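Have a look at the structure below before the remarks.
Every read-out reported here was derived from the displayed coordinates using simple, explicitly stated rules and does not represent laboratory data. Predicted model only: the values in this text are computed from it and were never measured. Don't worry about glycine lacking a Cβ; one is built from the backbone with ideal geometry, like all the others, and counts go over all protein chains shown.
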Amino acid sequence: MTISAGMPRLLKAAAVGYLLGTFPTADLVARRASGGQIDLRATGSGNPGGANAVKVLGAKAGATVIAGDIVKGAAASAIGAAVAGPVGAHVAGTSSVIGHCYPVWNGFRGGKGVAASVGQCLATFPAYFPIDAGVAVVTAAVPRWKQRAFAATAVSSLCWVLGGVVWWRRRLPNAWGPKPTVSLPVASAISSAIIMRRFIVAAAPAA
């Protein structure tokens, strides 16, 4: 399927991915864990994501948020593949990250998209996933870096993109994921750029 011929299906994959990405995992978990008393957007860091949920609601609730967001990215990619083939998987996966970061239902105020991108990587680039996870863990453990989450995300995102280029150019096997094409590094680059922008915006002082 060429991109031009399959454009309607790719648009459908993008729409489905975005809608899945907007699913309010953190809001629902926070409401259940706190009896409706805590809004993660108004508590802690103000980010409706797993890290803030851990700080505000505890490890169990935070892990639930993270797991739910990973499922969103993976499910979006899987559905995208069913709708529009391998390219659709990448389009839907990236769209789920966009939906998570900029959900229309919440005034485009979402999370940072890291967990959703983990799901995207797990579904579309499983051969590289263990390396990506290892890079993130090692980077986050460097004691001299104060902004460990930002550093870990930046380094793992860069490696994710570079890994996509290597797998595509060398035609390496990709476990259960789609055959690596140029769509792999392009999708990972777009998702990474969106995530890094969310980190930078979140760190910027309020006007």
Inset, instruction - Diagonalise the Cα gyration tensor of the stretch 33-120 and give the resulting equivalent ellipsoid semi-axes, square root of 5 times each eigenvalue, largest first, whole Å. - result: 26, 13, 9
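Expressed as a rounded percentage, what relative contact order does the chain have, with Cα pairs under 8 Å and six or more residues apart? Walk me through the intermediate numbers first.
Values: 362 pairs, mean separation 40.3, N = 207.
Relative contact order for the chain comes out at 19 percent.
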Inset, instruction - Could you calculate, for the stretch 68-115, the ratio of the Cα radius of gyration to the Kirkwood radius, expressed as Rg to Rh? - result: 1.02
Inset, instruction - Grab the chain and count how many Lys pairs have their alpha-carbon atoms under 23 Å apart, sequence gap of 8 or more, or different chains. - result: 10
Inset, instruction - Evaluate the charge dipole of the chain about its Cα centre and quote only its size in Debye, nearest 20, assuming +1 on the Cβ of each Lys and Arg and -1 on the Cβ of each Asp and Glu. - result: 220
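May I ask you to sort Lys72, Lys112 by Cβ crowding, counting other Cβ atoms within 10 Å and putting the fewest first? Could the numbers behind the result be given before it?
Working: Lys72 25, Lys112 29.
Starting with the residue having the fewest Cβ neighbours, the order is Lys72, Lys112.
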Inset, instruction - Determine the equivalent ellipsoid of the chain by diagonalising the alpha-carbon gyration tensor, then write out the semi-axes as square roots of 5 times the eigenvalues, largest first, rounded to whole Å. - result: 28, 20, 14
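Could you put Phe129, Phe23, Phe108 in order, starting from the residue whose Cβ has the fewest other Cβ atoms within 10 Å?
Arranged by neighbour count, lowest to highest, Phe129, Phe23, Phe108 become Phe108, Phe129, Phe23.
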Inset, instruction - Among Gly49, Ala149, Leu11, pick out the residue whose Cα is farthest towards the positive end of the charge dipole of the chain, where Lys and Arg carry +1 and Asp and Glu carry -1 on C-beta, about the Cα centre. - result: Ala149
Inset, instruction - Would you compute, from DSSP H runs of 4+ residues alone, the mean residue ellipticity of the chain at 222 nm, taking -39500 (n - 2.57) per run and dividing by the full residue count, rounded to the nearest 500? - result: -23500 deg cm²/dmol
